[in-house]
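Every number in this text was worked out from the coordinates using simple rules, so none of it is lab data. All of these numbers come straight from a predicted model, not from anything done at the bench. Positions of Cβ are backbone-derived with ideal geometry, glycine not excepted, and every protein chain shown enters the neighbour counts.
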Amino acid sequence: MGVSISVEHLNAWYGTTHTLQDINVELPANHATALIGPSGCGKSTFVRCLNRMHETNPIARATGVVKMGDLDIYKDAEPVQIRRRVGMVFQRPNPFPTMSIYDNVASGLKLNGFRNRAVLDETVERSLKSAALWEEVKDDLKKKSGASLSGGQQQRMCIARALAVDPEVLLMDEPASALDPVSTSKIEDLIFQLKSQYTIVIVTHNMQQAARVAENTGFFLNGKMVEFDSTHKIFTNPKDKRTEDYITGRFG
Amino acid sequence: MSTNPFHTPPPSNEAGLPPPANRKSLWTRVNTARRYVVNHLITGLSVLSTVIVIVPLVAILVYLVYMGASSLNLNFFTKIPAPVGETGGGMANAMVGSGIVLALASLMGVPVGIAAGVYLAEFGRGKLLATTVRFTADVLNGVPSIVMGISIYALIVKPQQHYSAFAGGVALAIMMVPTIARTTEEMLATVPHAIREAALGLGVPKWRTVVSVSLKTASPGIITGCMLAFARVAGETAPLLFTAFGNQFWSYKLTEPIAALPLQIYVYAMSPYDEWHRLAWAGSLVLIVMIMVAVTLVRIYASRGVLKGAS
Amino acid sequence: MMTEREPNPTEPAMPPAVTNFVAASAAAAPEGAPSAIRQFLKARGSGGFADKTFAGLMLLCALSIFAIVIFILTILTVRSKLSLAQFGFHFFVHSGWDPVAGDFGALPFIVGTLETSLLALAMAVPLALGVAIFLSELCPQRLRAPISFVTELLAAIPSVVYGLWAVFVLVPIMRDQLGPLLSKYLGWTGLFEGYNFGVGILTASIILAIMILPIISSITRDIMLAVPTSQREAVLALGATRWEMIRTGVLRNARIGIVGAVILGLGRALGETMAVTMVVGNHPEIAKSLFAPGYTLASVIANEFSEATGDMYLSALIEIGLALFLVTIVVNAIARLMVWAVTRGTPARAH
C-alpha cells in the first residue's frame, strides 16, 4: 500500500541557482499527483528531492522537511533506504545494457543481495505482468538483453524494475515523453491501474495526460509551486491567473 | 555630380569610359596563380611526408620478418641459449621469464591502476584532487623508463644485494599504473550517467553501483586498456636492466635474476656473435607480433563501438 | 496536442495478471504488514560502511600516482647526495667524464642529449605535420583508417627493436652510403668531418626522429580535428585555397596545441634510451661533427650503471637520472598544459 508524502519549506539549489523556492505540499497516499509547468521550472528537481536523488549531484543542495508517512527522510534515514522505498522511472528508458531482461527487472533485488531464486522468478513475473510487458517478453527473459527492446517496451521494463522492489511510492519523470503514442497510452493505462497500490507522482509536460491520469495536480513556475489542487479544479477553474495562462496555452 | 564625400568617380581611360569591370590587374592574376601553386605544393609535400613515414615502418617490418622468420624454429621456443659458438639455442627462458615478470607486474599494477581510474571517474568528478592526479598520471607516462629502473634498483635491489624478478615486476608495475588509470577513467566516462542513476534510484549503494553497473558496462574497454598497457611494458628493456638483470638459464624464482625477451634481444644485438644476432632478430619478430596483435585487437574493439546494445 | 482523449466506451479491463497481483499482495500481506521483499530490503543495511571503505580504497590507489612521483624524486635525491654534495651545480657544466680518476661531469651527456633530440625534432616535426595535415584534411576517407593504424603500430614498436634495426641496417647505410654523400655535398658546413663509423650523433638522431614521429603526428591530428568545422568553412567562404584554409582556419587555431605536441615529442626524445644507446657511439666527448660518437643522459646510465664501482660513481649516475627525471617532468608538464588548453572540452575519442 502507498504512503503519503508531506513537504514543508523545501528549497533546493544547483550550485548557486535556487531551483526550488519554499515548496509546501501534501501528496496523499494511493493517489496519483501530476506536476505540470514549463520546462526548467523545477518539477524534476522536486521529484528528485523526494527520493534523495537530488543530492547525488555534487553541486546540489536541499533544505526543508520531506516526510514519508511519519519519517523525515532527510534527518532520520539513509538515502539508500529511502530509495528502496521510493521507485523512480526516468524520462528516457535506462535499462542496464549488460543484463538480460530478467536480470534487469530483478536488479533492484539482486544488486541488494537477494538470492532466493524462487522468489526472484515470481517477483520478475509479477512485476512484468503489472507493467503489462509479460506477454511480450516471457519467452526471452534470459536470452535477450534489456537494451534490445523497443523504446516503449524498455520503459515498461524500467517500470517493472521499479515495481519489483515493492516500493511504496512511484516517481515518474515524464515517463512517456520519449515514446510514441501507442506506448504512451499503454503507460497511461498502467499508471491508472497502479494508482490503487502506490502513491504516484508524475511529472508531465502534457496537460491532457495529467487530466487523464491524476487526481491532484500541482503547477510549477520558476521554482515555486504556484497552485496545488484537484485536477478537475485546476483545469476548469484555477485560482491563480498564471495557472490559467499556462493551461490555456499562453506560454510554455 | 553629387557632393557626397563618399562618392568618388570611377577612373576613366583615354576614351573617357570606365574600364571594363572584369579586367583584373596583373598583380591579382599572378598572385592567384601563386596561391594555387603553393596549394598544390603543400598537398604534394604532405603526401610525400606520409609516404616517407610509411616507408621506414614497412622497411623495418619486412626486414624483421625476413631476418627473424628464418631463425624461428622449434628450438627457439623450447631451448635456452646455447654456449657461445654452438648453434641450436633458443630464447625459451627469455619468453618464460618475460611472462613471469609481466604476470607479476600485472598483478600489482592492474588492480591499482583500475582502482585509480575508478576514483577519477566515479568519485573525483570535478574535484581538484582528481584533476591533479590525472595530470600527474599523464606526466608520469612521459618519464623515461630507465628512471623507474634505477629507482627500483635503489629501493629493492641495492638493499637486498641481488637482482630479482620481483624487482623487475615492481618496476614494470609502476609504469602500468598511470597508463591503466587513464584508460580506465576514459572508458568509465563513456558509461551513460543514466544507468548509474537507474541503479542509485533502486537503492543500490554507490559502491555496488560502481562495481556491478559502471565497471561491468565498461569492462570490455577497461580490459582493452590493460592489454595496451601490457603490450607497452612487454617491450620495455630499460627498467629491467638493473632489476631483473637477465639470466642465461632457466629461472623461476622471484628472488633471482630472470631473463626477459627485450633484455635478451638487447644483449644479443650488442654482442659480436652472428648466431646471437640471429636470435635477436627472431626474438624481435616474436615481440612485435605479440604487440601488433594487441594493438589490432584494440583497434577492432574501438571501431565496433563502445557499448554493446546500449542506445 | 489539443485533442481530448476519446473516452473509451469499453474501458480496457484490468488484465487478469494485475488483478492477481493485487490479490496476491493483499493475501500475502495483511493490511499494514510489509511484504517479504520490503522486509528484506529494510533489514539490508544502507551500505554506508562499505561505501566509505570502497571510496577510501579507490582514493588510496589514486594517491599512489602521487606516491610514485614522490618516491622516485626522494630516492633519487637521497642516493645522489654524495655527488650532489661533492660537485654541486658544477656537475652540469663540467665536461670531463673519467670515472676511474674520479672526474665526473655531465656536460657531454647534456650536449649529446640536446643535440640528438633537437636534430630529431628538426627532422620529425615537418614530416609529422605533413602526415597530420594529410590525414586530417586531405586524405580520402578509405585510406584514413589504415594509415593512422600504421602510424599507431609505429608507436608501439619497442625501443630495442628500433635499436636492433638501426644497428644492422641504419648504421651500414650511414657508414657506406649516406655518410659519404653528406660529407661530399655538405662537408663545407663543418658538420660532417672526421671518421664515419656509422654510429654517432646523426645516426642516433635519425632513429630518434623515426621514433618520435608517430606521437607528434597523432596528437597534432587530434588537435587539428578538434578545431570546429565552422572555422574551416568561414575561411573557405572567403575564397581561400585548401592550403590557405588549413593555414589560417586550422593551424592558426591549433598553434598552441601543435607546439605542445612538438614539446611532447621532445620529451620523448630526451628520455629515449635503448635505441639511442645502441647507435650513439657511447663516447663522452663533445665534438662538432655529427658523425662523431656522442653520449646521452639516458645512455650513460644504461651503459655504465651495472659496472659502476664505488659509491661516488653510482651517485653521479643517479644524479644524472635525477636530472633526466626532472627535465622530462617539466617538459611533459608544459607540453600537456598546452595540448590540454586546445583540446579542452572535446570529448575523448577512441582511436
**Prompt:** Scaled to the compact-protein estimate 2.2 N^0.38 Å, what is the alpha-carbon radius of gyration of the stretch B:198-304, rounded to two decimal places?
**Reply:** 1.57
**Request:** Report the calculated FRET efficiency for B:TYR273 and C:SER306 (r = Cβ-Cβ distance, R0 = 22 Å), to the nearest 0.05.
**Result:** 0.60
**Spatially close lysines, pair count over the stretch A:178-252: Cα under 18 Å, gap of eight or more or interchain** = 4
**Request:** Please list, in chain and number order, the residues 5+ apart from A:GLU227 or on another chain whose amide H is under 5 Å from its amide H, with Hs placed from the backbone.
**Result:** A:PHE219
**Prompt:** Along the Cα-to-C-beta direction of A:HIS205, a point sits 7 Å from the Cα; which residues of the stretch A:221-250 have their amide N less than 18 Å from that point?
**Reply:** A:221-223, A:246-250
**Asked** To the nearest 10 degrees, how steep is helix A:151-164 against the longest Cα principal axis of chain A, on a 0 to 90 scale?
**Response** 90
**Message:** Rounding to the nearest 10 and keeping the result within 0 to 90°, find how far the Cα-based axis of helix A:181-194 lies from the longest principal axis of chain A.
**Reply:** 90
**Prompt:** Per 5 Å bin, what is the whole-percent P(r) computed from every C-alpha pair distance within the stretch C:304-345?
**Reply:** 6, 21, 16, 13, 10, 10, 8, 7, 6, 3, 0
**Prompt:** Hey, quick one: spin label on A:PHE251, modelled 7 Å out along Cα-Cβ, who in the stretch A:224-238 has an amide N within reach, i.e. under 14 Å?
**Reply:** A:224, A:226
**Message:** What are the ³J(HN,Hα) couplings of the stretch B:163-171, residue after residue, when phi is run through the Karplus curve with 6.51, -1.76, 1.60 and θ = phi - 60°? Round to Hz, x for glycine and proline.
**Reply:** 6, 7, 5, 4, 4, x, x, 5, 4
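Which semi-axes, in whole Å and largest first, does the equivalent ellipsoid of chain B have when worked out from the alpha carbon gyration tensor as the square roots of 5 times its eigenvalues? Before the final figure, lay out the partial values.
Working: eigenvalues 608, 238, 70 Å².
For chain B, the semi-axes come out at 55, 35, 19 Å.
Equivalent-ellipsoid semi-axes (√(5λ), Cα gyration tensor) for the protein assembly as shown, whole Å, largest first?
Numbers: eigenvalues 792, 313, 126 Å².
Working through the eigenvalues yields semi-axes of 63, 40, 25 Å.
Tell me, what is the FRET efficiency for A:ASP76 and B:LEU107 to the nearest 0.05, using R0 = 45 angstrom and their Cβ-Cβ distance as r? Show your work: numbers first, answer last.
Numbers: r = 45 Å, r/R0 = 1.00.
That pair, A:ASP76 with B:LEU107, gives E of 0.50.
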**Asked** If the cut-off is a Cα-Cα distance under 25 Å, which lysines reach C:LYS288, setting aside same-chain residues fewer than 8 apart in sequence?
**Response** C:LYS184
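So for the stretch C:83-343, averaging the separation of alpha carbon pairs under 8 Å that are six or more residues apart and normalising by length, what relative contact order in percent results? Please report the intermediate quantities before stating the final value.
Values: 386 pairs, mean separation 73.7, N = 261.
Normalised by residue count, the contact order of the stretch C:83-343 is 28 percent.
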**Reachable aspartates and glutamates, given that their alpha-carbon falls under 15 Å from the alpha-carbon of B:LYS206 and they are not under 8 places away in the same chain** = A:GLU55, A:GLU78, B:GLU122, B:GLU197, C:ASP51
**Complete:** Counting only DSSP beta bridges fully inside chain A, the antiparallel percentage to nearest 5 is 60
**Request:** Treating the angle as unsigned and between 0 and 90°, give the value, to the nearest 10°, between the Cα long axis of helix B:92-118 and the longest Cα principal axis of chain B.
**Result:** 60
**Fill in**
Those helices of chain C passing the 18 Å axial Cα length cut-off and the mean Kyte-Doolittle cut-off of 1.6 (DSSP H runs only) are C:48-79, C:107-133, C:201-226, C:311-343
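To the nearest 0.05, what FRET efficiency results for B:GLN160 and C:VAL330 with a Förster distance of 35 Å applied to their C-beta separation? Each step should come with its number before you reach the end.
On the way: r = 32 Å, r/R0 = 0.93.
The pair B:GLN160/C:VAL330 has a calculated efficiency of 0.60.
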**Request:** Report the label-to-label distance for A:THR17 and C:LEU236 in nanometres (one decimal), using points 7 Å from each Cα along the Cα→Cβ vector.
**Result:** 3.6
**Message:** How much of the DSSP bridge set in the protein assembly as shown is antiparallel, in percent, rounded to the nearest 5?
**Reply:** 60
**Message:** When only alpha-carbon atoms are used, what values of Rg and Dmax, in angstrom, describe chain A?
**Reply:** 18.0, 56
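If we count chymotrypsin sites (Phe, Trp or Tyr not before Pro) as exposed when they sit in a DSSP loop and have at most 16 other beta carbons within 10 Å, what is the longest stretch of chain B that avoids them all?
Numbers: sites that count: B:PHE6, B:PHE249, B:TRP250, B:TYR252, B:TYR273.
Maximal segment without exposed cleavage sites: B:7-248.
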**Item:** Choice from C:ALA124, C:ALA67, C:ALA43 with maximal GNM fluctuation in chain C (Cα, 10 Å cutoff)
**Value:** C:ALA43
**Message:** For a quick check: sort A:HIS232, A:HIS205, A:HIS31 by the number of other beta carbons within 10 angstrom, fewest at the front.
**Reply:** A:HIS232, A:HIS205, A:HIS31
**Asked** Across 5 Å bins from 0, what is the distribution of all Cα-Cα pair distances for the stretch C:83-343, in whole percents?
**Response** 1, 6, 12, 14, 15, 14, 12, 10, 7, 4, 2, 1, 1, 0, 0
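When you have a sec, figure out the Kirkwood radius of the stretch B:121-279 from all distinct Cα pair distances and drop it here in Å to one decimal? Write out the running numbers ahead of the final one.
Details: mean 1/r = 0.0552 Å⁻¹.
When all Cα pairs of the stretch B:121-279 are included, the Kirkwood radius is 18.1 Å.
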